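Here the structure is laid out as structure tokens; the discussion comes afterwards.
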Ligand code: AMP
């Protein structure tokens with residue numbers, strides 16, 4: 001027997017309808033690419049999203065067509081998201097930090113028909129335009145006054161483009177499983193892979209993100225997503241904030257410590273989200289200028305591990321650091337380190353220990369850890385295994401790739417290695433390809449890195465496995481010192497000694513000027529492995 005409730009498809013544009021109707025006056029503030037601060041609200045965002053949808057419809061964009069955005073976080077980008085999805089097209093967010101060759105590859109793979117781009121990226125796209133023939137026209141996210149002379153095909157300023165229609169338009173209606181958006185993983189090896197979100201998966205994900213123990217914001221709060229809309233579905237914030245009526249503050253192109261601080265301070269931001277590098281810049285700026293942020297309550301941090309020193313810095317300033325783990329394939333929320341009872345009573349280091357885990361999953365994410373034979377491992381907080389996930393916002397397949405990516409129970413292998421404790425708190429110990437296999441045992445490169453960055457002179461640390469004749473692989477610690485600081489191999493090893501098992505101690509330490517990063521800010525271990533592939537450890541003859 002079926003239930004007798006209404007069939008109300010979970011469609012993304014229903015979120016902006018709700019925001020406009022119930023929270024219409026709630027502000028969306030942006031640092032514009034042109035410079036000045038721009039203020040609008042959810043009612044206007046919806047009205048202009050409808051113009052985008054109507055204009056795309058007039059350009060012949062149909063259900064399932066791909067429309068790309070290459071843009072920073074601003075009100076125009078948000079309007080584009082809802083307009084593209086509301087006409088039934090697929091909003092393809094392109095990460096401008098990828099190499100031009102990768103951007104070309106991705107646009108060709110997606111067969112994007114229209115590209116909406118910020119002023120910043122016009123020169124970049126002009127260089128690859130003749131290699132992306134599927135693109136019929138370019139919309140520059142600006143007004144006529146700021147529109148540059150460009151060789152881009154059929155280019156027009158966004159404001160002129162939407163002014164050609166009146167916005168008297170109805171969203172298209174379709175099944176909730178219709179594709180809404182796509183985002184390619186940056187793939188440090190092999191081709192990028194297209195993750196294809198559905199309307200349903202995005203709405204379900206927004207509901208997961210809305211709980212107090214997830215992103216933690218409400219209608220009375222103000223959220224500043226430093227995380228770009230083009231990184232992993234904006235961590236869901238582009239849907240979550242309007243669905244609750246949370247005020248949004250967009251940082252535009254300026255993500256340095258001083259600019260982010262200024263917006264956090266002037267807009268009295270209560271919640272913010274970004275990767276550790278961004279928070280490092282903010283904390284350095286605040287420390288150097290003795291600044292405070294009395295309104296800031298929650299700092300969501302993910303994308304890579306949040307160092308303990310950073311967690312402590314936010315705790316000390318009275319904010320709650322919320323360490324989060326997830327991935328593009330998960331829309332992206334997987335787990336968040338909220339303090340549930342009895343851990344909320346902990347103090348000092350014991351409290352930091354929990355805040356430093358990657359946290360537990362909200363309802364809607366199932367997890368398990370398995371060994372190499374696919375046998376499920378215990379949740380004892382000690383045993384590590386491959387982390388696998390299942391849920392309504394987790395990928396079932398990649399776009400235009402035939403390979404099955406799920407196991408027999410429908411779980412997706414995240415490529416991460418983790419422990420899970422009896423309370424559901426998960427701790428990432430490595431990427432499966434980065435874990436160091438020493439004499440048949442696993443050593444966590446992330447644990448070693450986290451420990452090494454605690455040394456006062458160390459800016460960043462990376463650990464890779466290097467060939468060893470007896471143990472197969474042993475850890476090599478690669479260190480970038482803070483500007484103007486000095487430290488020796490012995491200083492660093494001495495600092496680590498006693499804090500980890502003896503057999504985890506790196507066999508050697510090398511110093512580099514800069515640790516390489518991927519386009520999403522993660523340590524580029526493939527490059528380091530390449531650089532040190534012939535490295536001979538001092539004790540290799542042992
Ligand atoms: P992306 O799809 O670019 O967001 O990358 C997802 C990957 O980033 C995950 O599979 C993890 O390896 C890594 N990652 C994300 N968040 C964290 C975190 N809090 N700690 C450690 N690694 C993380």
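The values are calculated or read from the model by the stated rules, or taken from the named source; none is laboratory data. Remember, predicted model here, so these are calculated numbers, not experimental data. Methodologically, a virtual Cβ is constructed for each residue, glycine included, from the backbone with ideal geometry; neighbour enumeration extends over all protein chains shown.
Before moving on, here are some points about what is shown:
- Per this entry, residue 349 is counted among residues that are farther than 15 Å from residue 213 by Cβ, more than 15 Å from the ligand (Cβ to nearest atom), out of contact with any helix residue (DSSP H, G or I) (no Cβ under 7 Å at 6 or more places or on another chain) and free of Cβ contacts under 8 Å to residues at least 40 places away in the same chain.
- Residue in region 145-167 that is within 23 Å of residue 234 (Cα to Cα), modelled with pLDDT of 95 or more and either part of a loop (DSSP other than H, G, I, E, B) or within 16 Å of the ligand (Cβ to nearest atom) (or both) present: no
For (1) part of a helix (DSSP H, G or I); (2) closer than 25 Å to residue 441 by Cα; (3) touching a strand residue (DSSP E or B) at 6+ places or on another chain (Cβ under 6 Å); (4) not assigned by TED's automatic domain parsing to the domain that holds residue 476, each residue gets a yes or a no:
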position	(1), (2), (3), (4)
491	yes, no, no, no
495	yes, yes, no, no
503	yes, yes, no, no
515	no, no, yes, no
519	no, no, no, no
538	no, yes, yes, yes
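- For residue 515, the conditions (1) in contact (Cβ under 8 Å) with a residue 12 or more places away in the chain; (2) farther than 23 Å from residue 275 by Cβ are fulfilled apart from (2).
- Residues in region 302-327 that are modelled with pLDDT under 95 and assigned to a helix (DSSP H, G or I) were compared, and the one that is farthest from the ligand (Cβ to nearest atom) is 309.
- Qualifying positions in region 5-14 - assigned to a helix (DSSP H, G or I) and surrounded by fewer than 18 Cβ atoms within 10 Å (Cβ to Cβ): 14
- Test: residue in region 480-487 that is buried (at least 22 other Cβ atoms within 10 Å of the Cβ) and not assigned by TED's automatic domain parsing to the domain that holds residue 372: no
- Any hit, region 367-376, residues being part of a loop (DSSP other than H, G, I, E, B), at pLDDT 95 or above, within 13 Å of the ligand (Cβ to nearest atom) and surrounded by 20 or more Cβ atoms within 10 Å (Cβ to Cβ): no
- Just one of the listed residues (46, 66) is closer than 25 Å to residue 248 by Cα, at pLDDT 95 or above and assigned by TED's automatic domain parsing to the domain that holds residue 32, namely 46.
- Of the residues making up region 223-241, not a single one is surrounded by fewer than 22 Cβ atoms within 10 Å (Cβ to Cβ), closer than 27 Å to residue 92 by Cβ and either in contact with a helix residue (DSSP H, G or I) (Cβ under 8 Å, 6 or more places away or on another chain) or outside the structural domain of residue 21 (by TED's automatic domain parsing) (or both).
- Residues in region 414-432 that are surrounded by fewer than 19 Cβ atoms within 10 Å (Cβ to Cβ) and closer than 14 Å to residue 384 by Cα: 6 in all.
- Meets criteria (out of contact with any strand residue (DSSP E or B) (no Cβ under 9 Å at 6 or more places or on another chain), within 27 Å of residue 184 (Cα to Cα) and either within 16 Å of the ligand (Cβ to nearest atom) or not assigned by TED's automatic domain parsing to the domain that holds residue 182 (or both)) for residue 330: no
- Any hit, region 198-212, residues being at pLDDT 95 or above, out of contact with any strand residue (DSSP E or B) (no Cβ under 9 Å at 6 or more places or on another chain) and assigned to a loop (DSSP other than H, G, I, E, B): yes
- In region 84-127, the residues that are surrounded by fewer than 16 Cβ atoms within 10 Å (Cβ to Cβ) and assigned to a helix (DSSP H, G or I): 100, 101, 108, 120, 123, 124, 126, 127
- For residue 279, the stated conditions hold: it is touching a strand residue (DSSP E or B) at 6+ places or on another chain (Cβ under 8 Å), farther than 23 Å from residue 42 by Cα and in contact (Cβ under 8 Å) with a residue 12 or more places away in the chain.
- Qualifying residue in region 250-272 (condition: within 16 Å of the ligand (Cβ to nearest atom) and either part of a helix (DSSP H, G or I) or under 14 Å from the mean Cα position of the chain (by Cα) (or both)): yes
- Subset of region 15-41 (residues that are in a loop (DSSP other than H, G, I, E, B) and either buried (at least 17 other Cβ atoms within 10 Å of the Cβ) or touching a residue at least 12 places away in the same chain (Cβ under 8 Å) (or both)): 23, 24, 25, 26, 32, 33, 34
- Residue check for residue 397: within 26 Å of the chain's Cα centre (by Cα), assigned by TED's automatic domain parsing to the domain that holds residue 470, more than 14 Å from the ligand (Cβ to nearest atom) and surrounded by 15 or more Cβ atoms within 10 Å (Cβ to Cβ): no
- Residue check for residue 299: over 20 Å from the mean Cα position of the chain (by Cα) and either more than 8 Å from the ligand (Cβ to nearest atom) or in a strand (DSSP E or B) (or both): no
- Residue count for region 282-296, restricted to those that are in a loop (DSSP other than H, G, I, E, B) and either under 20 Å from the mean Cα position of the chain (by Cα) or touching a residue at least 24 places away in the same chain (Cβ under 8 Å) (or both): 6
- Single residue of 211, 151, 142, 178 found to be assigned by TED's automatic domain parsing to the domain that holds residue 79, at negative phi and either without any contact (Cβ under 8 Å) to a residue 40 or more places away in the chain or surrounded by fewer than 19 Cβ atoms within 10 Å (Cβ to Cβ) (or both): 151
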